[in-house]
Every structure is written in structure tokens, then in C-alpha cells.
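The values are calculated or read from the model by the stated rules, or taken from the named source; none is laboratory data. Everything numeric here is computed off the predicted structure, so don't read it as measured data. FYI the Cβ positions are ideal-geometry reconstructions off the backbone, even for glycines, and counts take in every protein chain you see. Remember, those area values only see protein heavy atoms, side chains included, never the ligands or the DNA or RNA. Shrake-Rupley method; radii C 1.70, N 1.55, O 1.52, S 1.80 Å.
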Amino acid sequence: MAGHIIAVVGGKGGVGKSVFAANMAIAHLQEFKQRPLIVDLDLTSLGDQNIILGQNPAKNIIDVSKMPPGPVDPKTLAPFMVNTPVGYSYIAAPRDAVIARDMDLEGLGRFFKAVTQVFNYIVVDCGNGADASALKAFEFATAIFVVTTADVIVINQTKRILGKIQELLFPPEMVQIVINRYSINNIINPQMIQKNLGRTVYAAIPEDVATCEGSLAKATPLCIAGAGTPIARAYHDLVRKMQQTALLDNLARLKKPSGVASKIQAAIQAPSGDTPKDNGGVFGRSAAGVMDPWTAMKLRIHKALVEQMDLKKMNTDTNDSKQRAVLRERTQKAVLDVLSKEDTESLLSARELKAQMLKEVLDEALGLGPLEDLLADDSVTEIMVNARDQIYIEKGGKPQLSKVNFSSENQMMNVVERIVTPLGRRVDEKVPYVDARLQDGSRVHVIIPPLALRGPTITIRKFPKKRIEYKDLVQFGSMTEEIADFLRACVEAKLNIVVSGGTGSGKTTLLNVLSNFIPSTERIITVEDSAELQLAQDHVVRLETRPKNIEGEGEVSIRDLIKCCLRMRPDRIVVGECRGGEALDMLQAMNTGHSGSLTTLHANNPRECLARLETLVMMSGLGISLKAIRENIASAVGLIIQQSRLSDGSRKVTYITEVVGMQGEVVSLQDIFVYKQEGLDKKRKIIGRFVPTGFIPKFVEEMEAKGMKISRGLFAAK
């Protein structure tokens, strides 16, 4: 008797469908003592199942698809899969997006057709089900399990997936709905979900954050690591229900469409305007221009709104809160008028969905569209828009796919214009990229076609709403209280300090903290590309660069501003970041009486920081000898602070290093404090401690001569 393939898809990214797929297979193994096969066909996450299962196979499903035609048996499959001692077999997804493009659909189809003669139970993680590979799995699947959560946006996306499966003529009976992470405290209950989706909910998996996180930390499926817990029992109840109701045997008799995946791949690969005829419907808008009903309705409302209210003639970028409130109220009334004329019965039957539609349209018309919620979420530190329908966010130092997307590329460009126009900047085909900032100081980088091939790309480094102080960094574990006191003394003693680190390592945040150590009696001048620093002192002058105008003139660089600020009687100069020839002017300032200056630059460690500083000085184009450059650096820079983002996403000060002077033709460095990594905890967070090297900096004597008290015990090696 042939086995059964169960395809698992997610109603939206982040619903836990990969964890569900793995544990449903493990529960089947534990319940019926039959070896299941788990296939990771999620070609977007590229290896999430490896983490869930704790496996790292050398081969993957792409290799399987390229197997030569012939019999498929355990012996031929052995080189391509892992047979675990626990009792399940596993075929992984590729870990490289480039490799994922080499999928052989015909070979994948041959594999799915034959593997049911080898295994009785095959669970395939199909990602969001939007690519041709996932649809090939659908063609051979007995059942399709769609995983959703009790979330309005996820339910809407689940409805879109169900509609597309129906468009492709797959029998509705083969689709089973599972609610993941369900709690009785959820406002949206299973009955509401059933009514909205028009389908019966097959099962609900309870929320159990502790068990899930614990199993992920151990890289062991929760049905093994958390055996006996309520969530593990829910998986066992699910597979027993399937067996008792003979679900798979009954669904196996259904007639399913064939050739869908091949038609869709042809549609995707066809040149623009040359979509193959009779494509049988395409799963996803990108393949055949089919737009989901939610997005289509939103665009219709936008069009009607533009006809009713000419927003372009209104000042939507006003900083006056009263004017913004009036404008939002007028626009909300107009949207409600448009909604009342729409046939919303089928799509917006729930009050929550109507409220969601109203909010999304208002955000897109007056704000930054789907980015508004992400900007309001304090736990989100970075927003990375790769394409219209792919927005990643960073939480806890780790990137993850968000639940939101833009309606269209036109909407994205409207948002971009709304960001750059108030700053007097522009982005178009002539100037296809721009650095800007939001009103709260968040840094924004935009790059558009033709340079960005998938459409406009937006990257936002969020600025914290609350000014981060050294106490926060101590609480985060970025430094210790003793190190913070030491750095305060270094700033007050007017040491010239360079903060070094990689992109996103927290250099600017640390520079901001150090700048706030400067006494309030001193005159501070800041120079930045995009003004981000938030200084608590009153006596501060903030300077910001200016790009070229339409005629290609009027550019003011950081180098120009540093030269200007030298004539402005500064006590301290704080440069946001040195990226080019301005490094020479910064060193000259440090060497000509403007001690206590602060800046940042990109480097991986203190030694590389010096090498990069040398390179930047050479970019000034003055032909200075390398020895002269090094002598300038040795006399100007007193301290290098290395800021790093570690593998677990945490940001820490990893080196505090003194620039001792010249030894021969080399600048001599001496580490004062280092961060020593000692291992990982159960949640795979790095365990470590800050260790003094035992070296007492030369500048300590100068600091003591100025009346500062520095405990020598602080530097004692431990």
C-alpha cells in the first residue's frame, strides 16, 4: 500500500509551520512506531528545519531532484538523507538561495511519486506554498495542512492561500486548518476563525513558549524534548485523530490536478507580456499578476480616495499635531464613505478586519503604510524592506520575516517620497539612492530601480524613543559598571576616542553614551551625515551634511563641516562617522588643541581600526607618507573602543585598547579590557565576562595629576 505525503504550509511567515511539520512527524513515529520522512522544501527560510531537528546534512532536496531516473529505494536515498537513531529520516533544504534556484521540478515529481513506496508517512515543509516546488508537492500530497494563528493579519493571509489553492483546482477537502500557538485568552476564538475562513478547524496546538524555546535551544523537537507536556500531547491527539477518522485513506481517493507546478514555473520564467496561455491560475501575484482580494480592495479604496480627496495638494508632512489630527479625521471619514460603497460582506465580515482595513489605508495615505506598526513596536530595532512583499525586521539582534507587506511598488515610492521630501532630498532615476532620517532620528537608506532589481529597497535603523544611557548598556550586559566609570573618566580627561565596530554593532549608540559624559560647561559641535546623536547638554551645535542638488551642485561633505567647526570655537568635536578623507581633518583637529574629540569608523578589531584609519587618511589625496600618517595617529588617538555584535545578536564592548605610541614604524597598541567568551547557555546565548589584562594605561598618571581618582585595582588581572 502506498504511503501518504502531507504538505504543510504557513498562513504567513512566523506562524510556526516548520515546528508543526517536524513535530507532527515525530508524534506519528512515537504513536505508531513507523519511520516517517521529513522533507524541508521551504526554499525561503533555507534551513530552519536543521535548527529544529538539530541536523546538518551535507546533501539536500536539490540534490535529490537531480537524481537520475530509476528506482527509488532506501539504498538510493541513503546518500541524500539522514537516518536518525531516534527513528525518523530527514532530507534538508539548501542553505544557499542561489543553489535553491537549481531545483529540477521533473526530478522532484519523480521523487514524490516514488518515495511513497518507501515511506508510509512523509511530511513536507512547503514554506508559504507560493513557489513551483511547493505546488509540485501539492500535486502528490494526500493532504495539505495550512497552519494559522489567532491573528487578524495571519487569518487574512490564510484566506488568501486558501483562495489560491481553490483557484488551482485542488479539492477543498484535502485542505486542513490547524491553529498554532492557541490560548483560551485569545480574543479571536476557533469559531470566529472557522466563520471567517469558511472551513472547519481540524486541530489547535496550544501556546507553550517555555517548551518551544527549550526544545529549540536543545535543537531537539519538542515532542522529544518536552514529552508529556500539553503541547506534545496535542500533537499526539492530532495524529491519533487522523488515524481514527482514516483521514489520509479517505483523502487519497480524491482526484487532484497535475502539471500545475510546471505551468506556474513557465509563467514565472516567461518574458513580461508573454505569459503562457491556459496557465490554469497562478499561486501568487508575481507569477501571473493575480492579486489577492485584500490588496485589490485596498487599491480600489486608494483610487477612490484620490478622486474624493486630492491628498497631493494637502500638506500631509506637517509637524503640527493639531493639523495632522484634523487631516487624519477628514481622511478617515472619506475612507469610511468609500468602504460603505464597497461590497465588503465577503472579505470584511468581521469588525476587526474592517478596522484593520481602515487603519492600513490611513497609514498608507498619511503615514508610512505598513511600516507604521513596525516603527511603533519598541522591540523592533531595524526594518529591512527587500521588496514589496518581503519585509524583514530585527528583534533581539536576530532578523525575522515580518507579517506585513506593501500593496504595490507605487505605494512604496509614495512612502519614500514622504520620508525624503521634508528633508529637501530626492530619489529618482538620476539619483537612485539616498540617506535620510525620520522625524524621530531613525536612519533611513533607500535604493530604487534600476539599481535595485526587485523594486525599491528601504532600510531603517530605528532610533530608540528613550535616550539610552550608560546604565542601560550595563543592564544589557554591553559593559560593566566599572568599565562605564572608567570610560567616563577617559572622556572627562579629554582623551581622543575612536569607537570601532561593524555595521549594526551599536557604534552610534555607544558614541551617544560617551558624548553625554562630556561636561555641560563645554561647547560641543557634532558633525553627521544624518543627525542621530541625542546629547543632553545645552551648549551643543549640530551640523549635518547636504547632498548635491538637481544641478549636481551645492554638496556639503563631512570634511567641509569639520573645517567649518574648527572656526566655531569648539571644546569638543564629535563626528558621527569617518568614511573618507575627513579622517585626516579629524586627526589634525585632535593634534591641534581640540582634544577630547570622538568619532566612529568601521573595523573588526582595534588593529584593523588603525589600518582602516590609515586607508581613510590616504583617501584625502594629499600624498602623505605612511610613516607620517602613523605618527599622526599615534599622537592623536588615545583610546580605541571595539563594539561588536555577537553571534547571539547581543552587542558588547569587546576591547578597550590604549594607543601607546610608535615602536619603530608600527603604532603600538595595548589592550586594557577584553570580553572573554566562555560558552553558550540553554537558550544559546553567549556566556562571557569582561576581563582586565593587567596593563595599567599610561594616561592614568595624567588623569591622576588632574585630580581624578582611578583605582589601580580596576586593572588587576583576574
Just for region 567-609: of the residues that are open to solvent by less than 10 Å² (accessible area, probe 1.4 Å) and among the hydroxyl-bearing types (Ser, Thr, Tyr), which one is farthest from Leu511 (Cα to Cα)?
-> Ser597
Sole residue being among the basic types (Lys, Arg) and within 29 Å of Arg651 (Cβ to Cβ), chosen from Lys403, Lys430 | Lys403
Could you list, in sequence order, the residues of region 232-254 that are assigned to a helix (DSSP H, G or I) and either within 18 Å of Ile144 (Cβ to Cβ) or among the hydroxyl-bearing types (Ser, Thr, Tyr) (or both)?
-> Tyr235, Leu238, Val239, Lys241, Met242, Leu247, Leu248, Asp249, Asn250, Leu251
Per-region count, region 439-457, residues surrounded by fewer than 19 Cβ atoms within 10 Å (Cβ to Cβ) and either of a type outside the set (Asp, Glu) or part of a strand (DSSP E or B) (or both) = 11
Got a number for residues in region 660-707 being touching a residue at least 60 places away in the same chain (Cβ under 8 Å), open to solvent by less than 40 Å² (accessible area, probe 1.4 Å) and outside any strand (DSSP E or B)?
-> 2
Among the residues of region 380-434, count how many are of a type outside the set (Val, Ile, Thr), within 19 Å of Leu451 (Cβ to Cβ), open to solvent by less than 70 Å² (accessible area, probe 1.4 Å) and over 11 Å from the mean Cα position of the chain (by Cα).
-> 9
Please work out if Ile460 is open to solvent by less than 10 Å² (accessible area, probe 1.4 Å) and of a type outside the set (Ser, Thr, Tyr).
-> yes
Sole exception among (1) modelled with pLDDT of 90 or more; (2) among the small types (Gly, Ala, Ser); (3) open to solvent by 40 Å² or more (accessible area, probe 1.4 Å) for Ala234, by number | (3)
Looking at region 552-566, which of its residues are in a helix (DSSP H, G or I) and either open to solvent by less than 40 Å² (accessible area, probe 1.4 Å) or touching a His at 6+ places or on another chain (Cβ under 8 Å) (or both)?
-> Ile558, Leu561, Ile562, Cys565
Val541 versus (1) within 30 Å of Lys652 (Cβ to Cβ); (2) part of a strand (DSSP E or B); (3) in contact with a Lys or Arg (Cβ under 9 Å, 6 or more places away or on another chain): which is the lone unmet condition?
-> (1)
Being of a type in the set (S, T, N, Q), open to solvent by 40 Å² or more (accessible area, probe 1.4 Å) and in a helix (DSSP H, G or I) is the filter here, so list the residues in region 182-219 that pass it.
-> Gln191, Gln194
Residues satisfying the stated conditions in region 520-539, i.e. open to solvent by 40 Å² or more (accessible area, probe 1.4 Å) and over 18 Å from Val444 (Cα atoms) = Ser520, Thr521, Arg523, Ala536, Asp538, His539
Picking from Pro570, Pro519, which residue would you name as being closer than 25 Å to Ile672 by Cβ and either part of a strand (DSSP E or B) or not β-branched (Val, Ile, Thr) (or both)?
-> Pro519
Qualifying strands (runs of 3 or more DSSP E) (wholly inside region 1-116; at least 1 residues being touching a Phe, Trp or Tyr at 6+ places or on another chain (Cβ under 9 Å) and under 26 Å from Pro206 (Cβ atoms)) = 4-10, 37-40
Check on Ile224, at pLDDT 90 or above, open to solvent by less than 20 Å² (accessible area, probe 1.4 Å), of a type outside the set (D, E, K, R) and farther than 30 Å from Met412 by Cβ | no
Considering Ile179, Ile155, which residue is assigned to a helix (DSSP H, G or I), touching a strand residue (DSSP E or B) at 6+ places or on another chain (Cβ under 9 Å) and either under 25 Å from Met192 (Cβ atoms) or open to solvent by 10 Å² or more (accessible area, probe 1.4 Å) (or both)?
-> Ile155
Can you tell me which residue among Leu29, Leu77, Leu53 is surrounded by 20 or more Cβ atoms within 10 Å (Cβ to Cβ), more than 23 Å from Phe138 (Cα to Cα) and aliphatic (A, V, I, L, M)?
-> Leu53
Could you give every pair whose Cβ atoms fall below 7 Å, whose first residue belongs to region 500-511 and is open to solvent by 10 Å² or more (accessible area, probe 1.4 Å), and whose second residue is β-branched (Val, Ile, Thr), counting only separations of at least 6 or pairs across chains?
-> Lys507/Val499; Lys507/Thr600; Thr508/Thr600; Thr509/Ile468
Looking at region 651-660, is at least one residue at pLDDT 90 or above, closer than 30 Å to Thr381 by Cα and in contact with a Cys (Cβ under 8 Å, 6 or more places away or on another chain)?
-> no
Looking at region 121-128, is at least one residue modelled with pLDDT of 90 or more and in a helix (DSSP H, G or I)?
-> no
Just one of (1) farther than 19 Å from Cys578 by Cβ; (2) open to solvent by less than 40 Å² (accessible area, probe 1.4 Å); (3) not in a strand (DSSP E or B) trips up Ile629, so point out which.
-> (1)
